[in-house]
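What follows is a short report on a single structure.
Every read-out reported here was derived from the displayed coordinates using simple, explicitly stated rules and does not represent laboratory data. Computed from a predicted model, the values in this text were never measured in an experiment. Note: ideal-geometry Cβ built from the backbone for every residue, glycine included; neighbour counts use all protein chains shown.
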Amino acid sequence: MTAITTLLSGLTDGSVTIVDLTAPLSPQTPVLQLPEPFANTISLSLEKVSDFDDDGPFWAWNNIHTGEHTGTHLDAPTHWGTGRDGTSVDQIPPERLIGPAVILDFTEQVAGSPDFLLEPDHFESYVAENGPLPEGAWLLFKTGWSRFNTDAEAFLNADENGPHSPGLSVAGAEWLAQSAITGYGVETVGIDAGQAGGMDPAFPAHYHLLGADKYGLTQLQNLDALPATGALLVVSPLPIVGGTGSPARVFAFVPA
Ligand code: MN
């Protein structure tokens, strides 16, 4: 038996299942809203090319209009100033897009405090209990935030002081950037906390992680279906040449 035949028989006999962590991509999918004077990315829209009509009697197809950073998507290093000379999304080696998933569950803390931040202490207690984060891991910050996926207002959670959603502190981002992980995934609209624009440096998750050749992954859902460790993540962004990111389909292979 090769590793592949073992995996395939696991999928057949149900000892391995596949969980789709991708949020549905539609015109209603929440997108980041930056304040003035910054420009914002666009939501998804479909432009009909034909729909079994005179423009194509036997077929239907659409042009897609969307941003690189819309919906469940990957942030490549070139998305941020600290990584601008690094890897664009098409240059990411596929080996780095597949790796072990490590789930850190802070759903309870975030329910009581939407501005909750992960600090080095949180990572250090995890490591003390479970050992070091595996080489090439995708660390997924489970917050329960995906329950707001279909309600853009609750998802973005903004008031007069800007958006409120969980993320990394400056020190937490620095700690993670020095770890062995490949990527950091979240349930929120971006990899930084809602209030990260006011931190120093601003948007520290982007600043530190993308500057350290790590990748971001946003708007994940169904993290409830994943064990704390033991799942395999497959992240599939489009190879947009020179792209700073891409909508991505994200699957987890989960042992029963
Ligand atoms: Mn992004």
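On the principal axes of its alpha carbon atoms, the stretch 131-178 extends 38, 23, 14 Å, with the longest extent given first.
A simple packing score, the average count of other Cβ atoms within 10 Å per residue, orders the peptides 111-120, 199-208 as 199-208, 111-120, with the highest score first.
For the chain, the fraction of alpha-carbon pairs lying more than 32 Å apart is 22 percent, rounded to a whole number.
Just subtract the alpha-carbon distance of Thr2 and Ser45 from 0.36 nm times their residue separation and send over the number in nm, one decimal. Walk me through the numbers before you get to the answer.
Working: separation 43, 0.36 × 43 = 15.48 nm, distance 4.32 nm.
Contour length minus Cα-Cα distance gives 11.2 nm.
If R0 equals 22 Å, the separation of the Cβ atoms of Ala180 and Ala225 corresponds to a calculated FRET efficiency of about 0.30. The alpha carbons of the stretch 1-117 occupy a box of 52, 46, 38 Å along the principal axes, longest dimension given first. What the Cα atoms of the stretch 144-256 give is an Rg and a Dmax of 14.7, 46 Å. Based on DSSP H segments of at least four residues, each scored -39500 (n - 2.57), the chain has a per-residue ellipticity at 222 nm of -4500 deg cm²/dmol. For the peptides 95-108, 217-230, 29-42, 69-82, the ranking by packing is 69-82, 217-230, 95-108, 29-42, with the highest mean count of neighbouring Cβ atoms within 10 Å listed first. Given R0 = 51 Å, the distance between the Cβ atoms of Thr12 and Asp200 translates into a calculated FRET efficiency of 0.45. Peptide packing: for 247-254, 121-128, 15-22, the average count of neighbouring Cβ atoms within 10 Å per residue gives the ranking 247-254, 15-22, 121-128, highest mean first.
Taken along the Cα-to-beta-carbon direction at a fixed 7 Å, the label points for Asp159 and Glu124 span 3.2 nm.
Separation of the stretch 59-81 from the stretch 192-256 is 14 Å, based on Cα centroids. The label-point distance for Phe38 and Ala171, in a model that sets each label 7 Å from Cα toward Cβ, rounds to 2.5 nm. Can you give me the distance in nm between label points at Glu135 and Ser236, each placed 7 Å from the Cα along the Cα-to-Cβ direction? Each label point lies 7 Å from its Cα, and together they span 2.8 nm.
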